[in-house]
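S.K.: Supplied in structure tokens, the structure appears directly below.
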Amino acid sequence: MFRIHRVYDDTTETNRNLLRQVEEILRVQFPELKAYEIAAMATQVRDPLKHRFKTTLFVAESKSAVQGFAVLLHMSDLDVCFLDFISAGIGKSGSGVGGALYERVRDEAVQLGACGVFLECLPDDPELIPAPEFLAENQARLKFYERYGARPIINNFYHVPLPEDDPYYLVFDSLDADVEIGRDQARRIVSAFLNRKYAKECPQSYVRMIIGSFVDNPMQLRPPRYTERRRSAKTSRSSKLKGIALVINDQHDIHHVRERGYVEAPARVRVINEELKRTGLFELQKARRYPKKHTLAVHDAGLVSFLQAAGEVVGPTKTVYPYTFPQRKLAKPPKSSPLRAGYYCIDSFTPINSNAYKAARAAVDCTMTAADAVLQGYHSAYALVRPPGHHAERSFFGGFCYFNSAAIAAHYMSAYGKVALLDVDYHHGNGSQDIFYERADVLTVSLHADPDTTYPYFSGFVNERGDSEGRGFNVNIPLPEGTSGDEYHRALKKGLRAVTHFAPRFLIVSLGLDTAKSDPTGSFLLGARDFYTNGLMIGQLGLPTLLVQEGGYRTRTLGVNARHFFKGLWDGYMDARRNGKRPR
């Protein structure tokens, strides 16, 4: 089993390892390539606009091993894409990797608004390729592309090679749309491709000869030779843009503390989901199970073991609240006794039972599934989960939070590029701050009520800016009680400036909706229109975005506010597309 995702740069060891494997596949599968052409892969990923087209590298990966890759070039000035390379890994032919990669390439081209995908393919004409074994390979390759409707462009001299080069057909895939490419447009596209891609190899006299040979108006494709055209609804240009991936914690309701005043109730997820269905923006994804190692990457093993063991002692029907808080330097960590929960907890109102652990673990699975959706091409994904997580620190839980799902996802995604974690909950995200306080690869920005008067009281102050390598990469923006929508938007603009300056590859939003007017845990005055504006401002960043549900407890307005936020997020994303800020 493999997953396909983009490699954005070579700034992390994970990405450098993937690039090294891609280069090795290039050396083996494309022996005619020169060393500098192979080495240029990392340069193109690092600087995707170097050659006046945007370079996107997709890898099919399984357990850090590259099973195949594809390189897509996008020329936004001509609204067209070129498939530069596509290859299964060494010994991986026939494994389905090539088909999956090409489906991903087509989908990306649709999202970019391209009129189609061009690619070069060795001919299946015996007069051009007399060797039977090579001819059979070329026929199989063109048959593969023809299943998607991609066929060679006829009545031109593109197949005429330079001396000592091989002949190639230029193939066009219309992405299942009824597209006509006029003669002048075809000439502009071919000219741009040859001059940008092969400037060192192709003399201008050769380029002019090839361009002048495109005389059909509109451009004509060869009739199908191998198979009936298979239309793909999944990547059709006539279909709508890919929506927002939605992953819901379907195990959240087992964690239901039926006590007066316990506002972190199962109804929260239900009312949000009911309103989201009205938007038509979401694509429901099934949560997958992830190993515990992802949780242990950001949380102390003692905390994780204690929550599981103590919950099993209490059982699903009883609930224990911490009430004794020792000096931790003097006391020994408890092994399982729930009565000693104060060693790991920061407050007296976060309960322990076995279902709390199970629901929190499922919330992590949902968030990780949504994170993978972003890595694999969704511009945004929403983990609709409870219990929340942003108060859970590396070694402590509290504030209804057990595991910090957003922080776990941020650490996971940081292997593929820098991450900004924006917390818009009413309460300070002390857990996320604690986990990343000494790191420079994850920026934490939190807008919240003044901790002088609001939980968690002991963190969230302006002067907490990070430490060691993380100095300057933690931003707190505390706000006074009674903050209005306009005042909140000014603060959010400040926070988003910090995000933009950091230039992350990914954005994670700890989405608290408890900033709403009349929320039982807050004092801010935001209404539905304010949440729309919040979403709009965040969406206009144009960043691949993971959103993780945190607080929000006034169920009468919770769903409506969530719906307005996501409508704003979508509109903001569309604004970013129109302004050329598609997810990088």
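S.K.: Between the range 349-389 and the range 437-510, how many Å separate their Cα centres?
M.R.: Cα centres, the range 349-389 to the range 437-510: 22 Å.
S.K.: Just how many pairs of Lys in the range 3-235 have C-alpha atoms closer than 21 Å, counting pairs that are eight or more places apart or on different chains?
M.R.: Step by step, the pairs that qualify in the range 3-235 add up to 10.
S.K.: In Å and whole numbers, how far do the C-alpha atoms of the range 3-235 stretch along each principal axis, longest first?
M.R.: So the extents along the principal axes, rounded to whole Å, are 49, 37, 37.
S.K.: Further, regarding this structure: Helix 555-578 versus the longest principal axis of the chain: what angle, 0 to 90°, nearest 10, using Cα atoms?
M.R.: 30
S.K.: Under a straight-distance cross-link criterion of Cα-Cα below 23 Å, which lysines are reachable from K567, leaving out those fewer than 8 residues away in the same chain?
M.R.: Here the lysines satisfying the reach criterion relative to K567 are K240, K242, K277, K286, K493, K494, K517, K581.
S.K.: Ok, one more. Find which of V71, A35, A407 sits farthest along the positive direction of the dipole of the chain, computed with +1 on the beta-carbon of Lys and Arg, -1 on that of Asp and Glu, about the Cα centre.
M.R.: Toward the positive end, the furthest listed residue is A407.
S.K.: Taking neighbour counts of Cβ atoms within 10 Å as a proxy for exposure, in what order, fewest first, do E164, E61, E550 appear? Don't jump to the answer; show the numbers that get you there.
M.R.: Values: E164 5, E61 21, E550 29.
Fewest to most other Cβ atoms nearby, the residues stand as E164, E61, E550.
S.K.: Provide Y36, Y532, Y457 in ascending order of the number of other Cβ atoms located within 10 Å of each residue's Cβ, fewest first.
M.R.: On the way: Y36 9, Y532 21, Y457 15.
Ranking Y36, Y532, Y457 by Cβ neighbours within 10 Å, fewest first, gives Y36, Y457, Y532.
S.K.: Follow-up. Please give the calculated 222 nm ellipticity per residue for the chain, where each DSSP H segment of at least 4 residues contributes -39500 (n - 2.57) and the sum is spread over every residue; nearest 500 deg cm²/dmol?
M.R.: Details: 15 runs with 203 residues, N = 584.
Calculated mean residue ellipticity at 222 nm is -11000 deg cm²/dmol.
S.K.: In addition: How high is the FRET efficiency between R289 and L49 when r is their beta carbon distance and R₀ equals 41 Å, given to the nearest 0.05? Please list the in-between numbers first.
M.R.: Details: r = 39 Å, r/R0 = 0.95.
It comes to 0.55.
S.K.: For a Förster distance of 56 Å, can you work out the FRET efficiency between the beta-carbons of Q29 and K332, rounded to the nearest 0.05? Intermediate values should be presented prior to the final figure.
M.R.: Working: r = 58 Å, r/R0 = 1.04.
E between Q29 and K332, to the nearest 0.05, is 0.45.
S.K.: Under a point-charge model restricted to the Cβ atoms of Lys and Arg (+1) and Asp and Glu (-1), what is the dipole moment magnitude of the chain relative to its Cα centre, in debye to the nearest 20? Working shown, then result.
M.R.: Numbers: 75 positive and 65 negative charges, 183 e Å.
Approximately 880 debye in magnitude.
S.K.: What percent does the relative contact order of the range 437-489 come to when contacts are Cα pairs within less than 8 Å and at least six residues apart?
M.R.: 44
S.K.: What is the helix-to-structure angle for 528-539, meaning the angle in degrees between its Cα long axis and the longest Cα principal axis of the chain, kept from 0 to 90 and rounded to the nearest 10?
M.R.: 50
S.K.: Label points 7 Å out from Cα along the Cβ direction at A297 and N579: separation in nm?
M.R.: Going from the A297 label point to the N579 one covers 3.2 nm.
S.K.: Another question, then. Out of A528, L142, V442, whose Cα points farthest toward the positive end of the dipole of the chain (charges: +1 Lys, Arg; -1 Asp, Glu; placed on Cβ)?
M.R.: Positive-end residue among those listed: A528.
S.K.: Angle, helix 132-146 long axis vs. longest principal axis of the chain, Cα atoms, 0 to 90°, nearest 10?
M.R.: 50
No lab work stands behind these numbers, since they all come straight from the coordinates. A quick note: this is a predicted structure, and the numbers were derived from the prediction, not measured. Methodologically, a virtual Cβ is constructed for each residue, glycine included, from the backbone with ideal geometry; neighbour enumeration extends over all protein chains shown.
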